[in-house]
1. Suppose we filter the range 170-198 for residues that are modelled with pLDDT of 95 or more, outside any helix (DSSP H, G or I) and of a type in the set (A, V, I, L, M, F, W, C); how many remain?
2. Report, ordered by the first and then the second residue, all pairs with beta carbons closer than 9 Å, sequence separation of six or more or different chains, a first member in the range 235-250 that is free of Cβ contacts under 8 Å to residues at least 60 places away in the same chain, and a second member that is part of a helix (DSSP H, G or I).
3. Using the structure shown, decide if PRO289 is outside the structural domain of ILE123 (by TED's automatic domain parsing), touching a residue at least 12 places away in the same chain (Cβ under 8 Å) and not in a helix (DSSP H, G or I).
4. Can you tell me which of VAL38, VAL48 is surrounded by fewer than 22 Cβ atoms within 10 Å (Cβ to Cβ), in the same structural domain as VAL257 (by TED's automatic domain parsing), without any contact (Cβ under 8 Å) to a residue 24 or more places away in the chain and of a type in the set (A, V, I, L, M)?
5. Residue by residue through the range 109-128, note down the ones that are charged (D, E, K, R) and not in a loop (DSSP other than H, G, I, E, B).
6. Pairs under 6 Å by beta carbon, first residue assigned to a strand (DSSP E or B) in the range 199-212, partner surrounded by fewer than 19 Cβ atoms within 10 Å (Cβ to Cβ), six or more apart or different chains?
7. Out of all the residues in the range 228-237, is one or more within 21 Å of GLN92 (Cβ to Cβ), at pLDDT 95 or above, in the same structural domain as GLU79 (by TED's automatic domain parsing) and assigned to a strand (DSSP E or B)?
8. Mind checking whether some residue in the range 320-338 is in a helix (DSSP H, G or I), touching a Phe, Trp or Tyr at 6+ places or on another chain (Cβ under 6 Å) and within 21 Å of ARG81 (Cβ to Cβ)?
Amino acid sequence: MSSLSSVWYTRCPAPTPLSIAHQLGWIDRRFQSSGIAVHSIRDSKDPVVRQSHFTHALDYSFRQGGNIPPIWARSGGRETRVVGITTTDEFQAIIALPSSGIRNGADLKGRRIGVPRRPDEKIVDFQRATALKGIVSALSLEGLTHADIDLVYLDSSEATLIERGNAAFLGLKRRYPYGDELLALARGEIDAFFVKGAEGIVLANQISATVVSEFGFHPDARIRINNGTPRPLTVDARFLDEHLDLVTDLVETIGEVATWAEVNPAKAVGFIANEIGVGEDAIWAANGPDVYRHLALSLEADQIAAFDHFKNFLVEWDFIPADFNVSAWIDHRPLEAANRRLAA
């Protein structure tokens, strides 16, 4: 076993227990008690380090957020493991302008639906994959397929690489999504597009959009599964193999957020809003009144099955380079050990 002086972490701007544990200071304290420094991938000035947010290339790193990048990295051969999953449902919808005449999902037949695309992207184009999955889900509820509509790809040269403090963000933490789609809608180039989460619901509100189809809380997991549902906690295999005890510490620490949030719902929502960069009302609206009750780490069979379903979608649409066994990607040991500690 090698000695370890530092670890790397990253999280997406989304409702995750890792984000809350970080904001509470729990992650730093837990590792510092073992003499280990914790470094943020997203805050690094090195673009190669920042890219690991998507590629999971750094050894001794952990990540929680959207599932497309870690699925893509695993498909490409990066040895990582899923050690926990959080399922926090969120607003997902196809929206249009009232003037379009589109009132429901059936009205999408023959219409133009915008899809963001980054043709020069060297990593997985997760925004395109997210939009396409939402569109396919919405159409399936009406017995339609993508062949029944006109997919309009909206190409952008802006990289998805996270850059903190970029002057183009006008003082904000990051670029918010759906800019290309909104411009195309305003220019009359498309009739509708997909949005999700707190940013999506704020945008729909801002333009008085018609919510053509909403399915983020649909009872069928195959409909609502997307980049943000569910969100895996992943670690690189070297970290897990050499320091199972530290990974168990990590899982235990993040796992304690669910209990804390039950007692502190308003604070939990405040932390989520701060992470995403929206008002707290947008979190309540997008994730529902029980959002603070859906921050647990688990590895349930239905969560794993949902992952497998979404992985198959990414294979079918050529977003990932190769198929792989999702069940073999899961490592139950840290969560089981953490649960034993908590029970004791």
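1. Residues in the range 170-198 being modelled with pLDDT of 95 or more, outside any helix (DSSP H, G or I) and of a type in the set (A, V, I, L, M, F, W, C): 5 in total.
2. ASP245/ALA337
3. no
4. VAL48
5. Within the range 109-128, ARG112, ARG117, ARG128 qualify.
6. Every condition considered, the pairs that remain are THR210/PRO98.
7. Taking every residue of the range 228-237 in turn, at least one turns out to be within 21 Å of GLN92 (Cβ to Cβ), at pLDDT 95 or above, in the same structural domain as GLU79 (by TED's automatic domain parsing) and assigned to a strand (DSSP E or B).
8. The answer is yes; a qualifying residue exists.
The values are calculated or read from the model by the stated rules, or taken from the named source; none is laboratory data. Every value quoted in this text rests on a predicted model; they were computed, and no experiment measured them. Neighbour counts run over all protein chains shown; Cβ positions are idealised from the backbone, glycine included.
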